[in-house]
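Every number here is computed from the coordinates shown, using simple stated rules; none is lab data. What you are looking at is a predicted structure, and each value in this text was computed from that prediction instead of being measured. Glycine also receives a Cβ, built like all others from the backbone with ideal geometry; neighbour counts cover every protein chain displayed.
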Amino acid sequence: MTARQRDVLDAALGLVVAARRPLTMAAVARAASCSKETLYKWFGDRDGLLTATVRWQAAKVRGVPARTGR
């Protein structure tokens, strides 16, 4: 996983924690200053993005590198 992908996952996590409205790829793209196309390329879909976020956080707890998902 690249530093940029970690930044995107961090932005997604911030939106999930804030929970002001449903998480969308458009909202993550805005928060991470990237395109939706990039998100779809890296994570496949919203579920893939959420899965990658959970795996990334779990890997931080375990202390091992996370996979991006797809």
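Please work out the C-alpha center-to-center distance from segment 12-27 to segment 43-58 and express it in whole Å.
13
To the nearest 20 debye, what is the magnitude of the charge dipole of segment 3-61 about its Cα centre, counting +1 on the Cβ of each Lys and Arg and -1 on the Cβ of each Asp and Glu?
Working: 10 positive and 5 negative charges, 20 e Å.
In total the dipole reaches around 100 debye.
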